[in-house]
1. Could you grab the relative contact order for chain B? Cα pairs under 8 Å, six or more apart, rounded to a whole percent.
2. So for the pair residue A:109, residue B:318, with labels modelled 7 Å out along Cα→Cβ, what separation do we get in nm?
3. Got the relative contact order for chain A handy, in percent, Cα pairs under 8 Å and 6 or more residues apart?
4. Per 20 Å bin from zero, what fraction in whole % of the C-alpha pairs of the protein assembly as shown is there, up to the bin with the longest pair?
5. Would you kindly state how much longer the chain becomes between residue B:344 and residue B:116 on full extension, computed as 0.36 nm times their sequence separation minus their alpha carbon distance, in nm to one decimal?
6. Per residue Cα convex hull volume for the range B:285-330, in cubic angstrom?
7. Any chance you could give the angle, 0 to 90 degrees and rounded to 10, that helix B:170-187 forms with the longest Cα principal axis of chain B?
8. Any chance you could give the angle, 0 to 90 degrees and rounded to 10, that helix A:173-193 forms with the longest Cα principal axis of chain A?
Ligand SMILES: Nc1ncnc2c1ncn2[C@@H]1O[C@H](COP(=O)(O)OP(=O)(O)OP(=O)(O)O)[C@@H](O)[C@H]1O
Ligand SMILES: [Mg+2]
């Protein structure tokens, strides 16, 4: 038991553990041994406009994609919930299908589609593309929390005179908020880390962080790379921690109803 | 504080679930301010009928009329019916106050009036001190009262209750039954209650509709159902009963019953031939010869079983031609009888009811 956990951890952590210290290298090379410890490369990233622009782009795209994914995925989940059993199964398969398509296929398809619309290289194209991948994640997590909601709650609200929208706003949304937040975090992280589709759709102005990393990797191997990678990892880690907290806070609600 | 009351007419309702016929030609007229209970065994269609009244279930045929207006296909949020669910369905993320205020907020009632009316209702259900609590921090009985307050605060014309007491223990159920009756008297709202607890139905209702397999077997006052059951099902379902199967024959002084090894005149039977079922309640029969008990019919039987319950004992007897006859014996009404003993039983003819006849014998 302890052995298998240890092995799994080693497998996941060791590569990170080997690379991460390089962010604090006092020298200019991406290699061991470290030439003293320093934070100079963190400063270098913060004073480097291209890196800052890439970070800003990533946030812009990820936030936009998350918002769009929330609306589309949330509506899809609500619609699926309201459908009959068989329809619901078909809808489920349909809404989840973007996850099953290889990203490279998706990337090529989107590239041509957006080219026709003249959208290639715009933020909008990236937002739409990432929302396409984020929506199924939102869909699945919202659908799960909707399924955990006793149907009598909405019926009670209806019997008390609440319209469909009112019922959603005052009863369903507050009680399935953990599902929406979980979906949002998944969608955000997905967009923030996405490379393949972004590679096809970015222009120099809309370059996201992973793409900038990719480009820098080809240019020159500097510790700034690892600094950026470390920051990405920390952000993801933080969001995953938030997810774990969400799961805990969502549990008692599911139980006492 | 008194509410409006609506008159409900249920006209020839049919409900199919696929090939399954859940309700068959159900018709009921529920008067303004009446307390009506739908009573029947599990699966008889009580919840289905209540959900049709609430608007959550469509009908295959028939109509629901409120004060003469057809509401069969009106959506639930337009019906303005109060509804208490079996599991209460309180909103877990809202306090007691917010739960009860919900229907008023939905109706955009001014804030000050909401506070006043919620306070009034919480007083009515004796929960004034708990307005700030969440439902999870309430006992089952308290949750039930919140659900009741929430369903009544907007002064519905009709209150629908689906087994409101089923999750509570017996003692609490008794208290709440009394309270529900008091509330009904104060508000004067039309109540339609569903239960499969016959005692609850008898205690609370003005009239009871007995349901069985999607059909209304009988609709009437508790006393009418108990004394003059329209079918053998009703006689068996409400309380304990002895059914004597036999035939009516013309006798010297009118119709005569013959069956179960007994023969006696039934002057009020209304007809004088054909098969018949007579019901006699165990509390109307007595141990002892007719002369001593004030009865008319007398026979001897063997004691098969006795069940003691403090104030009285229920004897299960058997006699030739009668494999089961139940008699209550009051405490102090004679010595206890051992199993296997031979006893004399008697009952007065005037307490017999012909099943299916609309008047007593
Ligand atoms: N959605 C449904 N689909 C198919 N059959 C149903 C559905 N709802 C109810 N039924 C059937 O209709 C019949 C009546 O159900 P209903 O829930 O009205 O019974 P009930 O009298 O309320 O019983 P209980 O006392 O157990 O609550 C049952 O046989 C049930 O299986
Ligand atoms: Mg039921």
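Bear in mind these aren't lab numbers, they're just calculated from the coordinates by the rules spelled out. Values in this document were obtained by computation on a predicted structure and should not be read as measured data. So basically every Cβ, Gly included, is an ideal-geometry build from the backbone, and we count neighbours across all protein chains shown.
1. Value for chain B: 16 percent.
2. The answer from the label model is 7.7 nm.
3. Numbers: 289 pairs, mean separation 74.4, N = 257.
Computed over chain A, the figure is 29 percent.
4. 15, 32, 26, 16, 8, 3, 0
5. 75.5 nm
6. Each residue corresponds to 64 Å³ of Cα convex hull volume.
7. 60 degrees
8. Result, in degrees: 30.
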